[in-house]
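Here is the structure we will look at.
The values are calculated or read from the model by the stated rules, or taken from the named source; none is laboratory data. Worth saying up front: this structure is predicted, and the values here are computed from it rather than measured. Glycine also receives a Cβ, built like all others from the backbone with ideal geometry; neighbour counts cover every protein chain displayed.
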């Protein structure tokens, strides 16, 4: 792999590859874990194993930012430096991520991805990271390059979410923020039932149960399409394709984004429903 560290004019031709400097990157040897359990923040860690390719690496600086990756280094927060010693374990704890971001560890948000950046410092004191590597090159799967990786904050589903909830947001406007609604469990394992939430009896009647299925390992929620869950007199409300969200037992929060089709009326788009257990 060769990276040009200088520049040339349009009419210049570099014929000798030896005149170009050799760059460096790390490849992924093993991904151990990329999930942080919000219910065990004091002990949860994410880690991968990497090895160098190209110019020898002296150390790896690990940075973090909230959300998707960015090439703007000003948005990166330094976590720590790790000496490179052959196949190297890169391990980051939830506490280290929070400290780098300047927040308490409980400030990490379930359902949010935090991007970790591998910034490589070579033995000849040059720096390589996602900000100075061509995106087309970094994204080629054949190279198995790992300049960034992720820590996803998850909250395992306990299977017991029944109770009263305060409405935080209801884009469908069946309820107002602050209203208290009831959520039930089931009917099957790893499910919650929102039938007593949508529709609001003041506006419509339930047809089929509005059931959310939850991945017990992560709290990720899915809602099947084609379910006629409410009759509003002049039309029926039906779930559409792509309805997803999160159900977090550890925080008592239900946050779903449901696509609604009106029959008749057609696709109405996505509507957020956020509930907090009281």
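So which residues in region 169-204 are part of a strand (DSSP E or B), without any contact (Cβ under 8 Å) to a residue 24 or more places away in the chain and farther than 16 Å from residue 224 by Cβ?
Of all residues in region 169-204, those part of a strand (DSSP E or B) come to 169-170, 180-185, 191-193.
Those left that are additionally without any contact (Cβ under 8 Å) to a residue 24 or more places away in the chain: 182, 184, 191, 193.
Selection gives 182, 184.
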Quick check on region 258-266. Is at least one of its residues outside the structural domain of residue 110 (by TED's automatic domain parsing) and outside any strand (DSSP E or B)? yes
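Residues checked against (1) in contact (Cβ under 8 Å) with a residue 24 or more places away in the chain; (2) over 30 Å from residue 215 (Cβ atoms); (3) not in a strand (DSSP E or B):
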position	(1), (2), (3)
117	yes, no, no
120	yes, yes, no
124	yes, yes, yes
131	yes, yes, yes
151	yes, no, no
157	yes, no, yes
161	yes, no, yes
164	yes, no, no
167	yes, no, no
Could you please give the count of residues in region 30-47 that are surrounded by fewer than 15 Cβ atoms within 10 Å (Cβ to Cβ) and in contact with a strand residue (DSSP E or B) (Cβ under 7 Å, 6 or more places away or on another chain)? 4
Check region 164-173 and report whether any residue there is over 29 Å from residue 38 (Cβ atoms), outside the structural domain of residue 112 (by TED's automatic domain parsing) and exposed (fewer than 14 other Cβ atoms within 10 Å of the Cβ). yes
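Assess whether residue 61 counts as being within 17 Å of the chain's Cα centre (by Cα), surrounded by 14 or more Cβ atoms within 10 Å (Cβ to Cβ), assigned by TED's automatic domain parsing to the domain that holds residue 112 and at pLDDT 95 or above.
No: the conditions fail for residue 61.
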